[in-house]
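**Q** I'd like to ask some things about the structure below.
Quick note: the coordinates plus some simple rules give every number you see, no bench work behind them. Bear in mind the structure is a predicted one, so any value in this text is a computation, not a measurement. Note: ideal-geometry Cβ built from the backbone for every residue, glycine included; neighbour counts use all protein chains shown.
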Amino acid sequence: MPSFVPLLIYLLGGTALGLLLLVTGIPAAPLAGAILGAGFLSISGQFEVAQWPLGTKTALGIGVGTVIGTGITRETVGQLQILWKPALLITISLVVTGVLVGLVSSRLLGIDPVVALLGAAPGGTIGMSLVGAEFGVGAAVAALHAVRLLTVLLLIPAVVKFLAPFTGLIPPK
């Protein structure tokens, strides 16, 4: 039976930094803070690796999927009647780009092609990490997606705010 003490320490660290980042106004601050908080503790080497109870990651994945799914309303489905072309273009572009970046990364940087392809794939950290775990490379894929996710969460809102006055899409405050 796994010790729950390290898991509790990681949960407390992730929760603490997630709550602390709430005051920053960074989009998805609790998620970014939790990743950073638990990640810093893990990197420190001061604590055992957390052993998640069997089924916990699946339950969390279902929970996150449910939160996302409840955001899909009749209105958002109605918007797909207008947005299906951009959605298709964006999806195809991201998948093709992800495959190309994965293959180039693997060849140029000498990393495992499975890690490179799954790490460069468009998708959420949880989903791609679970797929990676099925191939035995979940931790490496999670690390690549965590770096990507944190970068996107911190960088893209700033880019949107910077470009907003020039695009006319979002009125300046």
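**Q** What is the Å³ per residue value for the convex hull set by the Cα atoms of the chain?
**A** 165 Å³
**Q** Here's a follow-up. Ordered by residue, what ³J(HN,Hα) values in Hz, to whole numbers, does region 104-112 give under the Karplus form 6.51 cos²θ - 1.76 cosθ + 1.60, where θ = phi - 60° and Gly and Pro are x?
**A** 5, 4, 4, 6, 6, 9, x, 9, 3
**Q** Now a separate question. Among 93-99, 113-119, how do they line up from the highest to the lowest mean number of other beta-carbon atoms within 10 Å?
**A** Order by mean packing, descending: 113-119, 93-99.
**Q** May I pose another question? How do 137-148, 60-71 rank on mean C-beta neighbours within 10 Å, highest first?
**A** Highest to lowest by the protection proxy: 137-148, 60-71.
**Q** Restricting to DSSP H runs of at least four residues, report the calculated mean residue ellipticity at 222 nm for the chain, -39500 (n - 2.57) per run over all residues, nearest 500 deg cm²/dmol.
**A** -26500 deg cm²/dmol
**Q** Short version: ³J(HN,Hα) in whole Hz for each residue of region 36-47, in order, from phi by Karplus 6.51 cos²θ - 1.76 cosθ + 1.60 (θ = phi - 60°), x for Gly and Pro, what are they?
**A** 5, x, 5, x, 4, 4, 5, 5, 4, x, 7, 10
**Q** Pairs of Cα atoms under 8 Å, at least six residues apart: use those to get the relative contact order of the chain, whole percent.
**A** Normalised by residue count, the contact order of the chain is 16 percent.
**Q** Taking H placed 1.01 Å from N in the peptide plane, check which residues at least 5 places from Gln51 or on another chain put their amide H under 5 Å from its amide H.
**A** Answer set, sorted by chain and number: Leu7.
**Q** Let me ask something else. Please list 19-28, 82-91 highest first by mean number of surrounding beta-carbon atoms within 10 Å per residue.
**A** 19-28, 82-91
**Q** Going by Cα centres, region 1-51 and region 80-143 are how many Å apart?
**A** Cα centroid of region 1-51 versus Cα centroid of region 80-143: 25 Å apart.
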